[in-house]
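Every read-out reported here was derived from the displayed coordinates using simple, explicitly stated rules and does not represent laboratory data. Quantities reported herein were computed from a predicted structural model and do not represent experimental measurements. Here the Cβ positions follow ideal geometry from the backbone for every residue, glycine too, while neighbour counts run over all protein chains shown.
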Amino acid sequence: MYDVIIIGAGAAGMTAAIYTSRRMLKTLVISKDLGGQAAMASKVENYPGFIEVISGFEIMQKFNQQAQKFGVEFIFDQVKEIQFKNDIFLIKTNKENYEAKAIILAFGLTPRDLNVPGEEKFKGRGVSYCATCDSLFYKDKNVAVIGGGNAALDATLLLSKIAKKVYLIHCRGEFSGDEILIQKIKQQKNIQLILNSTIKEIKGDELVKSIIVSKINNKREEEIKVRGIFVEIGYEVKADFVKNLVDLDEKNQIIIDKNCQTSHLGIFAAGDVTDICYKQIIISAGEGAKAALSVYKYIQEKEGKKNPILDWGTTK
């Protein structure tokens, strides 16, 4: 039995864990990975306190180290179902079941799939959704990046320093990312642009060997030999496992009030998975802290303690 279980180990989830554990709440974090979307950022230049450029992965490692310092438990697994019975939450994962008095949903956004033949088969075996995490596996190899926004452009520039050749494939004739990134890409000799094109299939044996690219205007197909495919076509909220517990908006985001409370008493949410407007590391961290303090207040009041002290102590 835990006081609070936090689902997600990104900026929101780990900040929440730091705050709940410091309030002496027994805390468990369940997540598929460490750092979430924030860990995929190759450079972070706007997080207060870090004057030098730092990667998102490095920041998330620091979050994790701080949470563990205060006794937070981490389990890497996927939550399949949440049930509420006798005033207790039962969280079912692929491997085990856990119980908690309260829950914080902070599982963030999930990279969008291409939804083409071969993608599912080769996930982790040539198909990646994080260039920052996996680029070094493709030193001196040919790779492809799929997408046209800043994430795809950043991934392409990063890979151009490591891979032998990078094919940047986009379904439109123009990119939607920043012009300065586009100009840098056009200056790199080992980057080839393939525009107005889509991926039809990913092929290989044990690992990725090639992709089938189709031109949108004439449907002409071409097979390109690559060892890695980096999918950078945005993110979505995958909240189906909680849709029967909490209210969602038209984008599948979890609806919260100003204190991170959802429509279900005892379930709170924070970060990119919620309907807040801005998706930034620092905002997710702040929302995680707010959710944690709200959980503390909820549990204290549930146990009959009136007017619990929430903030403005002698130490932070």
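What the table shows:
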| read-out | value |
| --- | --- |
| Two-decimal Rg/Rh across the chain, once Rg and the Kirkwood Rh are taken from alpha-carbon atoms | 1.03 |
| The chain: calculated mean residue ellipticity at 222 nm from DSSP helix runs of at least 4, using -39500 (n - 2.57) | -7000 deg cm²/dmol |
| Ile180 versus Lys203: modelled label distance in nm, points set 7 Å from Cα along the beta carbon direction | 4.1 nm |
| The stretch 203-316 shape via C-alpha gyration tensor axes, a/c threshold 1.5 | prolate |
| Positive-end residue of Asn259, Ala9, Ser294, charge dipole of the chain with Cβ unit charges | Ala9 |
| Cβ crowding within 10 Å averaged over residues, with 138-146, 41-49 ranked highest first | 138-146, 41-49 |
| Nearest-20 debye value, the stretch 158-209 charge dipole, Cβ charges on Lys, Arg, Asp, Glu | 260 debye |
| Two-site FRET efficiency, Tyr47 against Asn150, from Cβ-Cβ distance with R₀ of 25 Å, rounded to 0.05 | 0.90 |
| All Cα pairs of the stretch 127-231, percent lying beyond 23 Å | 19 percent |
| Computed lengthening from Asp247 to Ile216, 0.36 nm per intervening residue step minus Cα-Cα distance | 7.3 nm |
